[in-house]
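The values are calculated or read from the model by the stated rules, or taken from the named source; none is laboratory data. These figures come from a predicted structure and were not determined experimentally. A quick note on method: Cβ atoms are made from the backbone with ideal geometry, for glycine too, and the neighbour counts reach across all protein chains shown. Each accessible area value is taken on the protein alone, full model and side chains, heavy atoms only, with ligands, DNA and RNA left out. Shrake-Rupley method; radii C 1.70, N 1.55, O 1.52, S 1.80 Å.
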Amino acid sequence: MRNEKRAERILGYSLVAPALLLILAVAIWPVIQSFYYSLFDYRLNDPTKSSIHLNYSLDLEGYLQNYPFLKSTLKREVATASENTKETLSDVEQKLEKMDEAIRADKEVANKYEQVDEALNNFESPNEDIKIVELNEQAANQFTNTVKDVVKTLEQLREAGELKQPDKVVGLAQGLKGVIIEPNFVGLKHYKDSLSDARLWKALWNTTFFTIVSVAVELVLGLGIALLINKAFFGRGLVRATILIPWAIPTAVSALMWKFLYDGQNGIVAKYFEDIGLVHRMGDLLTTEMGAMFSVIFADVWKTTPYMALLLLAGLQTIPSSLYEAASIDGATKWQQFTKITLPLLKSSILVALLFRTLDAFRVFDLIYVLTGGGPANSTETISILAYKVMFSQTNFGGGSALAVIVFLCVAIISIIYIKLLGADLLSDSASAKK
């Protein structure tokens, strides 16, 4: 008996394993990767932070684009300088030569040094695998301190008027400051900064408000439509297909369509809203905070109410018609049938529909991105829009990844709450069925 249960358990795990691997590859792995990126100051607009660096490194390409020219320029300055300045410049030359010798002390680094130098002399771009070499922290700090001392000394000579080409010499020396690549591991700093940023909390409020209002309206309208098309009448199939048209239109297309309809000069919907008194002026729909939020909610309700209706219709069709016949015989009114039969038996379907729509609404991106872009004044900026702007507009992949992880955590919390409610409902139904 025990061996049979064990075999069944192994068989069950074997059948579930492909689905679990697929979920891991499609859903979990990107979140893990985003969390990993969020631990680094990862910025594509900064050459020293455009990739993950766990150790100190030296950009040989940047170094050799400055050091040889600085060395030759200093030699010319020494040849024409006064005795006191000549001594100072010679000291600077010695510091730079010692620094260069320390870099080439390692044979592997020296080999890459020569390859990069040869490529630059031939006006070629060196390969990525040879132009960056790792340094230990002590060597990197020594390099940085030497460059700081050299720059400080040359700036003093420039202020004293002792250099023939002051801007060129100081500029080449300052160019050596950016060749040391420091580790960009920052730990949980992005999360700390994000959670203390008022913009994030405003985006979360906008997202929550949009989700609650749109899903609530869609539930009411969707339930009404589902009850309507669940009845038998002539042309019911055509009506069902017609109702699904808004949901079938791609979100970006429908958002652009509504943008034209909301236009402050030519938008017909904006004109109707002005005529009936919903807005003072046609332009208020997309140029004021309240008007913009109303606009995106209205467009979302128009598009996704059919989806809610479709899910609820599937639940309605599982309710036996004999229950309504028995209730009618007992004298129950339509409202009593709705509250005593329809709603209790539709509870699980409503929870499932709310789960899908809440998760979808909380992650809203394309509708708002096309319709308002998060404006005006970030009044419709959701957490997904904020993450996109930080990650792609600012090319701050570390901060953007942290926001993406925050979105995932929010969605996970919402899912857990709904699943707890749904699970409790299913358990209570099974217990009552046993009785």
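At-a-glance table
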{"quantity": "Where Glu101 falls short, out of the listed (1) open to solvent by 50 Å² or more (accessible area, probe 1.4 Å); (2) closer than 18 Å to Ala140 by Cβ; (3) touching a residue at least 40 places away in the same chain (Cβ under 8 Å); (4) not aliphatic (A, V, I, L, M)", "calculated": "(3)"}
{"quantity": "Flag if Ala119 is part of a helix (DSSP H, G or I) and more than 25 Å from Asn55 (Cα to Cα)", "calculated": "yes"}
{"quantity": "Hits in region 259-315 (condition: of a type in the set (D, E, K, R) and either touching a residue at least 60 places away in the same chain (Cβ under 8 Å) or touching a Gly at 6+ places or on another chain (Cβ under 6 Å) (or both))", "calculated": "Lys259, Asp284, Glu289, Asp300, Lys303"}
{"quantity": "Residue ID - surrounded by the most Cβ atoms within 10 Å (Cβ to Cβ), chosen from residues in region 169-192 that are at pLDDT 90 or above and charged (D, E, K, R)", "calculated": "Lys189"}
{"quantity": "Residue within region 18-40 that is open to solvent by less than 90 Å² (accessible area, probe 1.4 Å), under 20 Å from Gly178 (Cα atoms) and free of Cβ contacts under 8 Å to residues at least 40 places away in the same chain present", "calculated": "no"}
{"quantity": "Among the candidates Ala241, Ala332, residue that is open to solvent by 50 Å² or more (accessible area, probe 1.4 Å), among the aliphatic types (A, V, I, L, M), without any contact (Cβ under 8 Å) to a residue 24 or more places away in the chain and over 30 Å from Trp205 (Cα atoms)", "calculated": "Ala241"}
{"quantity": "Selected residue (criterion: nearest to the chain's Cα centre (by Cα)) from residues of region 57-113 that are over 26 Å from Glu162 (Cα atoms) and of a type in the set (S, T, N, Q)", "calculated": "Ser57"}
{"quantity": "Failed item in (1) open to solvent by 10 Å² or more (accessible area, probe 1.4 Å); (2) more than 18 Å from Trp247 (Cα to Cα), with Thr342 passing the rest", "calculated": "(1)"}
{"quantity": "Any hit, region 137-158, residues being touching a residue at least 60 places away in the same chain (Cβ under 8 Å), within 30 Å of Ser34 (Cβ to Cβ) and among the aromatic types (Phe, Trp, Tyr)", "calculated": "no"}
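For (1) among the aliphatic types (A, V, I, L, M); (2) part of a helix (DSSP H, G or I); (3) open to solvent by 50 Å² or more (accessible area, probe 1.4 Å); (4) farther than 30 Å from Tyr324 by Cα, each residue gets a yes or a no:
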| site | (1), (2), (3), (4) |
| --- | --- |
| Leu200 | yes, yes, no, yes |
| Leu228 | yes, yes, yes, no |
| Ala232 | yes, no, yes, no |
| Lys271 | no, yes, yes, yes |
| Leu286 | yes, yes, no, yes |
| Gly291 | no, yes, no, yes |
